[in-house]
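Enquirer: Mind looking over this structure? Questions follow.
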Amino acid sequence: MAYSVKSKKSGETYYLHRKEVSLRGGRQQTIYFFARDVRDGALDSLPEGFQVMENKRTGLPMLKKEGAEKPGKVKAGSR
């Protein structure tokens, strides 16, 4: 069974997928994406080190690396 997330905003169910892509320089990279239906490359669980978040404006789910912060943000007490 593919890993699924239900959008809080739209109520739609999205399924997590993984795909290997080639970048311009020939480097291979893994991308993760959510789709409304189950396709080739569907995953049964979250990749280790990632968490699901939802875009507040669109309600679409996204993967975020655990511990990653927004650029430009400074942790309290780090100055």
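A short reminder: the numbers here are calculations on the coordinates, not readings from a lab. Given the structure is predicted, the values throughout are model-derived calculations rather than measurements. Virtual Cβ from ideal backbone geometry, glycine too; neighbours counted across all protein chains shown.
Enquirer: Convert 10 °C to kelvin, take the viscosity as 1.306 mPa s, use the Kirkwood radius over C-alpha pairs of the stretch 4-65 as Rh, and evaluate the Stokes-Einstein diffusion coefficient in µm²/s, rounded to a whole number.
Expert: Working: Rh = 12.6 Å.
In µm²/s, the coefficient rounds to 126.
Enquirer: Next question, about the same structure. Determine the gain in length on full extension of the stretch S7-R57; use 0.36 nm per residue of separation and subtract their C-alpha separation, reporting nm with one decimal. Numbers along the way, then the final one.
Expert: Working: separation 50, 0.36 × 50 = 18.00 nm, distance 1.17 nm.
Length gained, S7 through R57: 16.8 nm.
Enquirer: Counting only other residues whose beta carbon sits under 12 Å from that of K56, what net charge do I get with K and R as +1, D and E as -1?
Expert: Working: positive: K8, K9, R57; negative: E54.
Result for the local shell: +2.
Enquirer: Okay, next question. How far apart, in nm, are the 7 Å Cα→Cβ label points at K19 and K64?
Expert: Output for this residue pair reads 2.4 nm.
Enquirer: Just how many pairs of Lys in the chain have C-alpha atoms closer than 22 Å, counting pairs that are eight or more places apart or on different chains?
Expert: Lysine pairs satisfying the spacing and distance rule in the chain number 19.
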